[in-house]
Every structure is written in structure tokens, then in C-alpha cells.
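Notes to accompany the following structure.
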Amino acid sequence: MSNEEFFARVRSEFPYAVQGGTDQLVRTVLKTLALHVSAGEWEHLKSRVPNTFAALLP
């Protein structure tokens with residue numbers, strides 16, 4: 001799944017309007033998730049996803 005497909009999927013399944021749009025919502029959720037996962041686990045996750053998606057991760 002490409003980044004654009006991922007964002008499109010979130011847009012289609014998250015029916016609420018949010019300030020900043022769905023892209024900002026995804027980035028906020030990813031930043032929040034990073035705060036609740038150990039640094040080692042986060043780096044492991046980043047190493048397991050495609051580079052284009054890993055670029056979205058904080």
C-alpha cells in the first residue's frame with residue numbers, strides 16, 4: 001500500500017472532519033504513538049515498513 005493509498009483509506013474509514021485534514025490527523029496519531037512505545041520498538045517498527053512510509057514516522 002502506498003502512502004497515498006494509506007491516507008485515502010484513513011479518509012474513507014474516518015468519517016469525521018478534523019482541523020488540518022486527515023493527513024494531519026495521521027501525523028498526530030503517529031507522533032502520539034511514538035510517545036508510548038519504547039525507542040527500540042519504534043526503531044524496529046520503522047525498519048519494518050517501506051521507506052516511503054517510514055519517512056512519515058517521527
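What follows draws every value from the coordinates through simple rules; no lab data is involved. Being a predicted model, the structure only gives us computed values, none of them experimental. No Cβ is skipped: glycine too gets one built from the backbone with ideal geometry, and neighbour counts run over all protein chains shown.
Specify the angular offset, from 0 to 90 degrees and rounded to the nearest 10, of the alpha carbon long axis of helix 39-48 from the longest principal axis of the alpha carbons in the chain.
So the inclination is approximately 70 degrees.
Expressed in nm to one decimal, what extension gain is obtained for the pair L45 and K31 from 0.36 nm per residue of sequence separation less their Cα-Cα distance? Don't skip to the answer; put the middle values down first.
Numbers: separation 14, 0.36 × 14 = 5.04 nm, distance 1.34 nm.
So the extension gain works out to 3.7 nm.
Taking the Cα atoms only, what angle lies between the long axis of helix 3-13 and the longest principal axis of the chain, rounded to 10 degrees?
50
How big is D for the chain, in µm² s⁻¹ as a whole number, if Stokes-Einstein is applied with the Kirkwood radius of its Cα pairs at 25 °C and 0.890 mPa s?
Details: Rh = 12.2 Å.
For the chosen part, D equals 201 µm²/s.
When Lys and Arg each count +1 and Asp and Glu each count -1, what net charge do the other residues less than 14 Å away from E4, Cβ to Cβ, add up to? Please list the in-between numbers first.
Values: positive: R9, R11; negative: E5, D23.
Its environment carries a net charge of 0.
Which distance in nm do the two modelled labels at E4 and A54 give, with both placed 7 Å along the Cα-to-Cβ direction?
Distance between label points: 2.3 nm.
Using each residue's phi in region 14-24, evaluate 6.51 cos²θ - 1.76 cosθ + 1.60 at θ = phi - 60° and report the 3J(HN,Hα) Karplus result to the nearest Hz, with x for Gly and Pro.
10, x, 9, 7, 10, 5, x, x, 5, 4, 5
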